[in-house]
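For reference, the structure discussed in these notes is given below.
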Amino acid sequence: MTQSLTLRRPDDWHLHLRDGEMLRAVAPESARHFARAIIMPNLVPPVVTGAQAAAYRDRILAALPDGARFEPLMTLYLTEDTDPADVAAAHASGLVKAVKLYPAGATTNSASGVSNFDKVRPVLEKMAEIGLPLCMHGEVTDPEIDIFDREAVFIDRVLDPIRRATPGLRVVMEHITTAQGAQYARDGGEDLAATITTHHLVINRNHILVGGIKPHYYCLPVAKREEHRLALRAAATSGDPSYFLGTDSAPHVDALKEHACGCAGCFTATNTLSILAEVFEQDAALDRLEAFTSLNGPAFYRLPVNDTTLTLTKGAPVVYPEKIDAAGDTVTVFDPGFPLHWTVAT
Ligand code: OTD
Ligand code: ZN
Ligand code: ZN
């Protein structure tokens, strides 16, 4: 008997689609399974204004295969010069669904991010007033702080003070990687939530470092100890509305991943749903997969759930490409290291 599982169509609440040739290569991979995605604005140069977000949205729509139904939910990249009025107008028009805060230097293309958090106070206050969520890359950049501690320290030094100073600000802790992050998100009330990536449910830091360095497992925030991965698994599979899927699928060409100074990012768009079904099944939580992929995110973003569905069927190990062609090179698809048995029915 074939086992099958039908879910409301999933959304991806944190996705890097890039631009140009890379956009054209990766957009179909997400559009195949997801109805909507929160589109990260860390292009070079970043998507800062409403006008830039509108133009980027048009480029994404043009990159979709004919007949694809995929809605890019646009974000603005917060800088110290962001104009609160531009943010409010982009939100009021329906174009922009969130603003993204990168501490300057924390991750890929974050150089235009925020160093002095006092400078963005007027924007954050405006966002609290209009109910527009702030997506945060939650790592401090202080060189004194060990890279494995940067998320936990960010919560104490930056996130908690900002939330206390800005009542009503709605915050998404992006791609949490620690038990501390999971706990803070759970205890933070209705105005706080966290996204969790596919890869952080699967790998810990040993996967990156033991038996030779594995550049395709390197991403930011970097995967932590096993106890943290287990805390993320417990959070994602709990059904708790504080947590939802944001794949953080972040393509880089192989030449730049397999490099003396390799880029950060795991590309999971192609096989995320097969991996998640396997993970939730391993944890006897298949009945809570839909909450994580399809229900909790819309609830936080105050958007309707999708009216279409997606069916996964269980069978022989799924065959998926090891790499996809992109931008004159290849992009390696994330290898979870175990066979996948759930395939998305077409
Ligand atoms: N992490 N790579 C990228 C972004 C994320 O912090 C992130 O959201 C990227 O390549 O844009 C990564 O490892
Ligand atoms: Zn990030
Ligand atoms: Zn990201």
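Taken together, the values in this text are just the output of simple stated rules run on the coordinates, not laboratory data. Since the model is a prediction, treat every value here as computed from it, not as a measurement. Ideal geometry is used to build each Cβ from the backbone, glycine not excepted, and the neighbour counts take in all protein chains shown.
Highest GNM mean-square fluctuation among GLU144, GLU21, GLU322, for the chain modelled with Cα contacts below 10 Å: GLU144. For the chain, the relative contact order works out to 19 percent when only alpha carbon pairs closer than 8 Å and six or more residues apart are counted.
Post the alpha-carbon centroid distance, the range 11-62 to the range 98-152, in whole angstrom. Between the Cα centres of the range 11-62 and the range 98-152 lies a distance of 20 Å.
Given R0 = 51 Å, the distance between the Cβ atoms of ALA92 and GLU227 translates into a calculated FRET efficiency of 0.70.
Most simply put, the range 3-344 has about 35% antiparallel DSSP beta bridges, counting only bridges with both residues inside it. Other residues lying with their Cβ under 11 Å from the Cβ of ASP142 contribute a combined charge of -2, Lys and Arg counting +1, Asp and Glu -1.
Residues whose amide H comes within less than 5 Å of that of GLY239, counting only those at least five positions distant or on another chain, are absent (H built at 1.01 Å from N in the peptide plane).
Long-range amide H contacts for THR330: which residues qualify at under 5 Å (H placed 1.01 Å from N, peptide plane, sequence gap of 5 or more or a different chain)? Hits under the 5 Å cutoff: ASP254, ALA255.
Taking amide H as placed 1.01 Å from N in the peptide plane, ARG36 has its amide H under 5 Å from the amide H of ASP12, GLU71, each at least 5 places away in sequence or on another chain. Counting every C-alpha pair in the chain, the share spaced more than 37 angstrom apart comes to 11%.
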